[in-house]
Amino acid sequence: MTDPRIAPTAEYFDHSVVPPAPDPPTAAAPLTPDHKSEAKRAYREARTAIALLQQRWPAAFPEGPQQVRPLIAGLTPLIAAALGWSRPYTRAVLRTWKLRPAYCRAVLDHPVRFDLDGNPTDQPVDEDARTRAKIRLAAWVSKRRRPAPHKAPGVGSGALQAPDHR
């Protein structure tokens, strides 16, 4: 027999009752003094947060890699204020966007930076930014070309095998 105090209620069996969804990043990312935890949260939520940026400013955050443009400096406070995000959260989301290969290529391909509406500005892409983009792309390429690690001879099999000289 079941204990009547812990018997399931009608709500338990009612599949039309849906629990509320967690707040998406569109809700204000709370301001906390812990910048590191805010950044970690932004890295975890980066895909969703970038999708929100793409929805809000499609010219600045396009979906196609060929349309990506280098962005003007100073966007962190503007985006944080517009979306109600904390600055550490916003900075980490923008960092995720800017570390993408498409963004690095855009830094190398364009002489000036673009605003949130996708308009070119008089802010040039400086040589330091180009150097960082080249380094990042080179690291990305070398990581992609690195062969999969393989086991040393005899590791995991319990016995050494003679080389195959067919």
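Just so it is clear, none of the values below were taken in a lab; they were calculated from the coordinates. Everything numeric in this text was worked out from a predicted model, so none of it was measured. All Cβ positions, glycine included, derive from the backbone under ideal geometry; neighbour counts span all protein chains shown.
Could you run the Karplus curve 6.51 cos²θ - 1.76 cosθ + 1.60 with θ = phi - 60° over region 113-121 and give me ³J(HN,Hα) per residue in whole Hz, x for Gly and Pro?
For region 113-121, the Karplus curve yields 9, 10, 8, 5, 8, x, 8, x, 10 Hz.
Skipping prolines and chain starts, which residues have an amide H placed within reach, meaning under 5 Å, of the one on residue 113, given they are 5 or more residues away or on another chain?
Placed amide hydrogens put 121, 123, 125 under 5 Å from residue 113.
Sticking with the crude label model, points 7 Å out along Cα→Cβ, report the distance from residue 99 to residue 87 in nm, one decimal please.
About 2.1 nm separates the two model spin labels.
What is the set of long-range amide H partners of residue 118 at a cut-off below 5 Å, with H atoms built 1.01 Å from backbone N?
When sequence neighbours closer than 5 places are left aside, the close amide H contacts are 60.
Label-point separation (nm) for residue 122 and residue 35, each offset 7 Å from Cα along Cα-to-Cβ?
3.1 nm
Which value, in debye to the nearest 20, describes the size of the charge dipole of region 30-143 about its Cα centre when Lys and Arg Cβ atoms bear +1, Asp and Glu Cβ atoms bear -1, and nothing else is charged?
Dipole size: approximately 560 debye.
Can you tell me the order of 40-48, 81-89 when each peptide is scored by its average per-residue count of other Cβ atoms within 10 angstrom, highest first?
Highest mean packing first, the order is 81-89, 40-48.
Can you give the Kirkwood hydrodynamic radius for region 30-143, in Å, rounded to one decimal and based on Cα pairs?
Computed over region 30-143, the radius equals 14.5 Å.
Would you mind checking which residues have amide H under 5 Å from residue 57's amide H? H placed 1.01 Å from N; only 5 or more apart, or other chain.
Those qualifying (amide H under 5 Å, at least 5 residues apart or on another chain) number zero.
Provide the per-residue ³J(HN,Hα) series for region 65-70, in order, calculated from phi with Karplus coefficients 6.51, -1.76, 1.60 and θ = phi - 60°, each as a whole number of Hz, with x at glycine and proline positions.
Taking θ as phi minus 60°, the curve returns x, 6, 8, 5, 10, x Hz for region 65-70.
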